[in-house]
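All of the numbers you see were taken from the coordinates with simple rules; none came from a lab. Keep in mind that this is a model prediction, so the values were computed, not measured. So basically every Cβ, Gly included, is an ideal-geometry build from the backbone, and we count neighbours across all protein chains shown.
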Amino acid sequence: MPEIPLNNLKARREKLANLMPVNSAALILSAQQTHRNSDVEHKFRQNSSFWYLTGFNEPESAFLIIKTEKETLNYIFVRPKEKEKEIWTGYRSGPAGASQISGIEKSFLFSELKPQLEKLLGGLQHIYFDFGSENYATLGIEILELIRQKRIYQITSTQNLLAELRLFKENWEVEQIKIATQIAAKAHNLARQACQVDLYEYYLEGLIEGFFRQNNCNWAYPSIVAAGQNATILHYVENNSILKDKDLILIDAGCEYNYYAADITRTFPINGKFTIAQKEIYDLVLKAELEAIEESKIKNTTFEKVHEKAVLVLSTGLKDLKLLDGSLDEIIEEKKYRKFYMHRTGHWLGLDVHDIGSYLDKDGKSTVLKAGMLMTIEPGLYFDPQDESINEAFRGIGIRIEDDILITEIGSQNLTELAIK
Ligand SMILES: [Mn+2]
């Protein structure tokens, strides 16, 4: 995998420092190696913000930045090199290696973290630290106690700082993201081609995730492969039902390439042919999606306006199909559409599939879309299979269409266009 260029890492740390007040520190712990069961471990996945600032891919590590009147200093703390352990669990970079990878000169052993904090935190007024994270529960409490002893009374999460940086993707990041989105799009097309009656959902899941692995990716989130009325369960992950004739299948699957997530949803008829009701709903969701994408191209539009566009199209269609009563204004203002459209139209995308980034600006207004932001647009409609107030032809239909949209200087670009819809 391409490493994060040192210049990018340095620029990110400089921007981070610029956001911090004088006499403050930020401390970010790496992810921890977790056990799945017995002595079997989960595949290690680095903490996204730690990765973003260091490019260092090992557990039991920490990043520390301290900004004073005089200077800004960066530190990295990592595991020692230990031949015996490396034979069993793999290569360790050690402090010297960590310096090379991250471009942070001041590198120490992770076991040195507390003594160093003891020395370095004196005189500071503000610290950014996520003490509530489940990782390093005991260490988190010990660090908090140390912060208290140092009489640092302002403790804030690192989330807002990192969100401001990570919301805008660098060109290098966009290159990685384009690879992720293309592999994910191809996997969706593969599943569409292979889909047929009497297969099982897990067969398509295997096909998609196999394709991810063949292309040096992992899934960015567990795939949803939902046939028939399973598609009306938003977080369906069982993926063990048989594919029936005349049903639809909803597939929400995306890979992670070099730490960047793709997130795509497609819905199509299992036997290749829509029923009339399915076609009506599909066309409506597609129209909402395409119009929301058009909205994202408008200069200085907002995150909220993209959602409002999708809501307007869906509400109009639901009224026309007599699935909702009342005037269009009523349907929108009283949020009657929520009976069938209960989620938002998108989210930020990046190192995390639901990436950090604020949805509101400092005045509490919806975030203006600017070049470098990456978001999903994913309207859907879901009809409760048991709800007898719904016209029978529509019951059990669940449709969502989702693309990954990069905001550019001249509009926006759909990075997942390659996936047939
Ligand atoms: Mn999504």
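Quick check: residue separation of ASN7 and LYS81 times 0.36 nm, minus the Cα distance between them. What number comes out in nm?
24.0 nm
Can you give me the C-alpha center-to-center distance between the stretch 1-80 and the stretch 370-421, rounded to a whole angstrom?
The two parts, judged by their Cα centres, are 34 Å apart.
Only counting other Cβ atoms within 10 Å, I'd like ILE4, ILE332 sorted with the fewest neighbours first.
ILE332, ILE4
Using the Cα centre of the chain as the reference point, and only Cβ charges (+1 on K/R, -1 on D/E), how large is the resulting charge dipole? Debye, rounded to the nearest 20.
Details: 49 positive and 60 negative charges, 206 e Å.
Roughly 980 debye for the chain.
Once fully extended, how much extra length lies between ARG45 and THR89, figured as 0.36 nm per residue of separation less the alpha-carbon to alpha-carbon distance?
Net length gain for the segment: 14.4 nm.
On C-alpha positions alone, give me the angle between the axis of helix 276-296 and the longest principal axis of the chain, in degrees, nearest 10.
For helix 276-296, the angle is close to 40 degrees.
Under a straight-distance cross-link criterion of Cα-Cα below 17 Å, which aspartates and glutamates are reachable from LYS273, leaving out those fewer than 8 residues away in the same chain?
Within the straight-line limit of under 17 Å, LYS273 reaches these aspartates and glutamates: ASP198, ASP245, ASP247, ASP283.
Taking H as built 1.01 Å from N, whose amide H comes closer than 5 Å to the amide H of HIS347, not counting residues under 5 places away?
It is THR376, by chain and number.
Taking Cβ-Cβ under 4.7 Å as the only way to count a partner, pick out the unpartnered cysteines of the chain.
So far as the 4.7 Å Cβ criterion goes, CYS195 stand without a partner in the chain.
Stretch LEU109-ALA137 to full length: gain in nm at 0.36 nm per residue minus the Cα-Cα span?
Separation in residues times 0.36 nm, less the Cα-Cα distance, equals 8.2 nm.
Among the listed pairs LYS297/LYS421; LYS178/LYS309; LYS10/LYS85; LYS186/LYS279, which have their C-alpha atoms separated by more than 28 angstrom in this model?
Too far apart for the 28 Å limit: LYS10/LYS85.
Could you work out the relative contact order of the chain, using alpha carbon pairs under 8 angstrom and six or more residues apart, expressed as a whole percent?
This gives 13 percent for the chain.
Roughly how far apart, in whole Å, are the Cα centres of the stretch 209-280 and the stretch 119-155?
43 Å
What aspartates and glutamates could a cross-link reach from LYS114, if we take a straight Cα to Cα line under 18 Å and drop same-chain neighbours fewer than 8 places away?
Correct list for LYS114: GLU60, ASP130, GLU142, GLU145.
Compute the angle between helix 303-320 and the longest alpha-carbon principal axis of the chain, please, reported from 0 to 90 degrees and rounded to the nearest 10.
Between the helix axis and the principal axis of the chain, the angle is about 20 degrees.
When Lys and Arg each count +1 and Asp and Glu each count -1, what net charge do the other residues less than 9 Å away from LYS309, Cβ to Cβ, add up to? Don't jump to the answer; show the numbers that get you there.
On the way: positive: LYS305; negative: GLU291, GLU294, GLU295, GLU308.
My count for the surroundings of LYS309 gives -3.
Give the order of MET1, MET373 when sorted by the count of other beta carbons within 10 angstrom, beginning with the fewest. It would help to have the intermediate numbers written out before the result.
Details: MET1 10, MET373 23.
By the 10 Å Cβ count, ascending: MET1, MET373.
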